[in-house]
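Q: Here you go, one structure.
The values are calculated or read from the model by the stated rules, or taken from the named source; none is laboratory data. In this text, all values refer to a predicted model and were calculated from it rather than measured experimentally. All Cβ positions, even for glycine, are placed from backbone atoms using ideal geometry, and neighbour counts span all protein chains on display.
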């Protein structure tokens, strides 16, 4: 069993706060919060949450911009024995309501007017860190719930794109997080480190950023911009002494090609969410003395990372960038369709087990879907990733692609079927075809073709405008073509080559 896999996130944080109370836990612009302050503020908020009925087994949503209150809220929720559900403020109301209802959320912590999402059975709570700092620590502290929750209890829920038209909530336990960031084999995080928090908290890369810092005594540096700007990114790194950062593959390629200097002060750079281009990796390793680059791979269902490949100037990639070896507390299996191990070098589907595997999908009881049990293969739940891989001659796992119609694009996992369902729901749309198209240079675009009724007046701009009310921004196609007929090939099937060459 992995070290600390029996301890909760909030207990590990308390131990850090007790050991180094004056160390800087979090920065947001000029604001600084010590570990002792963050512990006290979250404890005060936890008392309020308990007064509102939050306890072990509950789920509390967080709908707010990146600010200290977001992370105070996360800690407070965990201290109550509850799980947090982060949702982006720009989540379409219909989707947000679906997630809140599915998770049984009774309380939303927010920094804005969310009355449209509340009602008789759901309340909202707004607070400011300054207000908590002036309030007395509640006599009835949240510590009493520690006996009720353990490392197998849910820590957070994140919704991913589903194979149907509905998103799926992944229930991640405390042990998955501690196994990800404590005493692991792909990175060593020390109290002297500073980690940039740049990912949206509803994206599981944020788990690495947030808890990698706060459970190791390091400093969590909050990115203050609304969008990623290379100049602001570099300023954060320089002014706050950032040593560790994470980028999606697409942003990594952008920085490698045109903003290499912004990465120069880093000690460790992690990237993933899509395939890394070897040329871009070599450019970073050759251009920045002493940097370590980690290719991190993994689905949300296995707590951010399943495998990692650590690279330095001494071991650059070859023709491809492997996803590497399983992280600590993780087992991987490469199996054929009958769930038998494939030969070395042969293609198979990746399965994973161990401390990082989620408790299952929300309201499934850990049963069904891609989660299953097979004592002959591994103890506990096993997750079927749907990713095709192979083991290379060096014992490194190489990613080959998706087995189904789910893709990973710019760090987000997207179901092409869910995108198609939302397009078909638009008035006047008779048929929709969605694809992920690789561009010159290796980048990918989400492309859609719509067959519409004549005289409907739909174009790419109007389609995008309607989609903004139903799906997150990352699920809106980059290119959309609209027509009254679909090209058919000699086999009677839609001719994808002709189809997507017309998308714009």
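Q: Within segment 99-151, restricting attention to residues that are closer than 26 Å to residue 12 by Cβ, at pLDDT below 75 and assigned to a loop (DSSP other than H, G, I, E, B), which residue is nearest to the chain's Cα centre (by Cα)?
A: Out of the qualifying residues, it is 141.
Q: Hey, another quick one. Just to check your reading of the model, which residue among 401, 442, 395 is assigned to a loop (DSSP other than H, G, I, E, B), within 23 Å of residue 271 (Cα to Cα) and either touching a strand residue (DSSP E or B) at 6+ places or on another chain (Cβ under 8 Å) or at pLDDT 80 or above (or both)?
A: Matching residue, one of 401, 442, 395: 395.
Q: Consider residue 363 against the criteria (1) surrounded by fewer than 21 Cβ atoms within 10 Å (Cβ to Cβ); (2) part of a strand (DSSP E or B): it satisfies all of them except one. Which criterion is unmet?
A: So the condition that residue 363 fails would be (2).
Q: Report whether or not residue 320 is surrounded by 19 or more Cβ atoms within 10 Å (Cβ to Cβ) and touching a residue at least 60 places away in the same chain (Cβ under 8 Å).
A: No; evaluated as a whole, the condition is false for this residue.
Q: For segment 74-102, what are the residues that are over 17 Å from residue 64 (Cα atoms), crowded, with 21+ Cβ neighbours inside 10 Å and touching a strand residue (DSSP E or B) at 6+ places or on another chain (Cβ under 9 Å)?
A: Of everything in segment 74-102, those that are over 17 Å from residue 64 (Cα atoms), crowded, with 21+ Cβ neighbours inside 10 Å and touching a strand residue (DSSP E or B) at 6+ places or on another chain (Cβ under 9 Å) turn out to be 78, 80, 82.
Q: Could you check residue 53 against (1) in contact with a strand residue (DSSP E or B) (Cβ under 7 Å, 6 or more places away or on another chain); (2) free of Cβ contacts under 8 Å to residues at least 60 places away in the same chain; (3) farther than 19 Å from residue 361 by Cα and say which number it fails?
A: Single failed check for residue 53: (1).
Table: residues versus (1) within 25 Å of residue 161 (Cα to Cα); (2) modelled with pLDDT of 85 or more; (3) over 27 Å from the mean Cα position of the chain (by Cα); (4) surrounded by 16 or more Cβ atoms within 10 Å (Cβ to Cβ).
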site: 450; (1), (2), (3), (4): yes, yes, yes, yes
site: 456; (1), (2), (3), (4): no, no, yes, yes
site: 468; (1), (2), (3), (4): yes, yes, no, no
site: 477; (1), (2), (3), (4): yes, yes, no, yes
site: 492; (1), (2), (3), (4): no, no, yes, no
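Q: Please tell me if residue 281 is in contact with a helix residue (DSSP H, G or I) (Cβ under 9 Å, 6 or more places away or on another chain), at pLDDT 95 or above and within 17 Å of residue 323 (Cα to Cα).
A: Taking the combined requirement at face value, the residue satisfies it.
Q: Conditions first: (1) modelled with pLDDT of 95 or more; (2) buried (at least 20 other Cβ atoms within 10 Å of the Cβ). Residue 268 passes all but one, so which condition is the exception?
A: It fails just one condition, (2).
Q: What's the total number of residues in segment 50-89 that are closer than 18 Å to residue 112 by Cα and assigned to a helix (DSSP H, G or I)?
A: 7
Q: Looking at residue 413, is it under 23 Å from the mean Cα position of the chain (by Cα), at pLDDT below 80, buried (at least 16 other Cβ atoms within 10 Å of the Cβ) and assigned to a strand (DSSP E or B)?
A: Yes: the conditions hold for residue 413.
Q: Another question about this same structure. Just to check your reading of the model, which residue among 378, 358 is surrounded by 13 or more Cβ atoms within 10 Å (Cβ to Cβ) and closer than 12 Å to residue 301 by Cβ?
A: Answer to the check: 358.
To keep it simple, each residue is scored yes or no on (1) on the phi < 0 side of the Ramachandran plot; (2) at pLDDT below 95; (3) surrounded by fewer than 21 Cβ atoms within 10 Å (Cβ to Cβ); (4) not in a loop (DSSP other than H, G, I, E, B).
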{"site": "178", "(1), (2), (3), (4)": "yes, no, no, yes"}
{"site": "185", "(1), (2), (3), (4)": "yes, no, yes, no"}
{"site": "188", "(1), (2), (3), (4)": "yes, no, yes, no"}
{"site": "201", "(1), (2), (3), (4)": "yes, yes, no, no"}
{"site": "207", "(1), (2), (3), (4)": "yes, no, no, yes"}
{"site": "224", "(1), (2), (3), (4)": "yes, no, yes, no"}
{"site": "227", "(1), (2), (3), (4)": "yes, yes, yes, no"}
{"site": "231", "(1), (2), (3), (4)": "yes, yes, yes, yes"}
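Q: For segment 324-341, what are the residues that are in contact (Cβ under 8 Å) with a residue 40 or more places away in the chain and farther than 20 Å from residue 182 by Cα?
A: 333, 334, listed by residue number.
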